[in-house]
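So the structure is just underneath, and the comments pick up after that.
The values are calculated or read from the model by the stated rules, or taken from the named source; none is laboratory data. Small disclaimer: the values here were computed from a predicted structure and weren't measured. Don't worry about glycine lacking a Cβ; one is built from the backbone with ideal geometry, like all the others, and counts go over all protein chains shown. SASA here: full protein model, heavy atoms, side chains in, ligands and nucleic acids out. Shrake-Rupley method; radii C 1.70, N 1.55, O 1.52, S 1.80 Å.
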Amino acid sequence: MAEPEPSKGKRWVIALELEGLKFSAAHFVAFHGFREPMHGHNYTVGARIGARQLQPDGYVVDFGDVKKVLRQICKRLNQRTLLPARSDVLTLQQLNDLQLEVQCQGGVKFVLPAADCLLLPIVHSTAEELAEYIALEVVQQLGHQLRSRLCQWLEVSVSERPGQTGCFTIPLAEAASFIHVRGSPTPRPCMVPVSGFDPMDQVQLIPSPPVSQVSSDPAEDAYRLLLSTLGIAESSRHELDKTPARAAKAFREMTAGLRVEDPLSVVGDAVFEVDGAYDLVAVRDIPFHSLCEHHLLPFAGTAHIAYFPNGRVLGLSKFARLLEVFARRLQLQERLGHQLAEALNQLLSPKAVAVSLEAYHTCMSHRGASVPSTTRTIALRGVSDPPGTLLCKSYIVKQRSSGLARKIAV
């Protein structure tokens, strides 16, 4: 049977963009004077095959055959750390059967589980090079079939995220010679013998300019390590790239009180001697938030303070300042009320003082018992004057009307 004549000016293309053609992997791009922090992506793979004519069965090629090969490749790359075997700025060394060491320019080292690593015959592990690697793998397995069906070219795309794709196109007539040239990785001078590669008699490290560390903030590095426990697929999402820096900044904000050497200094000179200042002063509904020292989860609520001055009063805004400096640290609600009451006692020497805190604890509502409830603690000072103490307690516990400050004569 004679082969059908190709239709002039026409071409047929099949395209594969399927949900199952995905893999998650970690990598970093490195070249002279530059290195990205190790990170990862949820990659999506696509393929297109072009032909000038259809075959007698009406198809360019069997979709099922191409999908099978692409899925096998994605499975092999999934949940792995992709290392470029042809890099001239990385030193790879198998420390033992379980560990692989990667040394970058400037002496930065990574020690990785060998079972999690995959050495690829590429230079930088970019999306473009991964597309080339996958395309050549497809050609190695399906090249004869594609050429026999008069397919002209194969294009593979690799997307790191929506809208960001690297593509590689190879003419199938030239594929055999291309694979012969690019197929087997040749160890570079910086490559220490690694399982699966040809050994070398001498190892030569390439001199290089210094490269900065991944981060100079230990808190940021700690959050990045914490995210890595979620697995590559989750921790390598693009949306999480800046999460360690954001979380470290938030942690510093929530513990800012620790950086104030003397908490009482926040009131400045706002302690005033006032003639006749002996009547009850109450400041209510001061919001605060803190961090539970047991679970590093936030708790937040409002504070109510009442005291009987002994001729000395505190500027109203300073109650909020004192509360904040004690709250912004790893804390317990019981201790927070105690510290605030002691500070007011020390500053004002009042006849009596009471501090009531009402707070909602996420360590109770979001984990464990998962019970949403409010906790109230009351710290009392001035036991030498029981009637005054009881009046303070009665005021801040029973009065429910809103208002930032009240002064009531008794």
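Do we find that residue 211 is of a type outside the set (Ser, Thr, Tyr), at pLDDT below 90, open to solvent by less than 40 Å² (accessible area, probe 1.4 Å) and not in a helix (DSSP H, G or I) in this structure? Yes. Here is the figure for region 113-164: residues that are open to solvent by 40 Å² or more (accessible area, probe 1.4 Å), touching a helix residue (DSSP H, G or I) at 6+ places or on another chain (Cβ under 9 Å) and under 28 Å from residue 102 (Cβ atoms) total 4.
Which residues, counting only those in region 82-102, are open to solvent by 40 Å² or more (accessible area, probe 1.4 Å) and over 15 Å from residue 29 (Cβ atoms)? Listed by number, the residues that qualify are 93, 94, 95, 96, 97, 98, 99.
Among helices (runs of 4 or more DSSP H) lying entirely in region 318-408, which contain 1 or more residues that are at pLDDT below 85?
Result: 386-398.
For region 113-153, filtering for residues that are of a type in the set (A, V, I, L, M, F, W, C), closer than 28 Å to residue 228 by Cα and in contact with a Lys or Arg (Cβ under 8 Å, 6 or more places away or on another chain) leaves 4. Which of the numbered conditions does residue 13 fail, given that it passes all the others? Conditions: (1) open to solvent by less than 10 Å² (accessible area, probe 1.4 Å); (2) part of a strand (DSSP E or B); (3) at pLDDT 85 or above; (4) not small (Gly, Ala, Ser). For residue 13, the exception is condition (1). Of the residues 282, 300, the single one that is small (Gly, Ala, Ser) and at pLDDT 95 or above is 300. If you filter region 231-252 down to residues that are under 15 Å from residue 39 (Cα atoms) and either over 13 Å from the mean Cα position of the chain (by Cα) or modelled with pLDDT under 85 (or both), you find that the one that is surrounded by the most Cβ atoms within 10 Å (Cβ to Cβ) is 236.
The rows are residues; the columns are (1) out of contact with any helix residue (DSSP H, G or I) (no Cβ under 9 Å at 6 or more places or on another chain); (2) within 18 Å of residue 381 (Cβ to Cβ); (3) open to solvent by 40 Å² or more (accessible area, probe 1.4 Å).
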residue	(1), (2), (3)
256	no, no, no
262	yes, no, yes
292	no, no, no
302	yes, no, yes
309	no, yes, no
316	yes, no, yes
321	no, no, yes
328	no, no, yes
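Pairs meeting the criteria (first residue in region 134-149 and charged (D, E, K, R), second residue at pLDDT 90 or above and part of a helix (DSSP H, G or I), beta carbons under 6 Å, at least 6 apart or on different chains) are 137/73. With respect to the conditions (1) farther than 29 Å from residue 94 by Cα; (2) at pLDDT below 75, residue 206 lacks only one, and its number is (1).
If you go through region 264-290 and keep only what is surrounded by 15 or more Cβ atoms within 10 Å (Cβ to Cβ) and charged (D, E, K, R), you end up with just 284.
Does region 310-317 include one or more residues that are in contact (Cβ under 8 Å) with a residue 24 or more places away in the chain and among the hydroxyl-bearing types (Ser, Thr, Tyr)?
Yes: region 310-317 contains one or more residues that are in contact (Cβ under 8 Å) with a residue 24 or more places away in the chain and among the hydroxyl-bearing types (Ser, Thr, Tyr).
Residues in region 24-79 that are among the basic types (Lys, Arg) and open to solvent by less than 60 Å² (accessible area, probe 1.4 Å) were compared, and the one that is nearest to the chain's Cα centre (by Cα) is 35.
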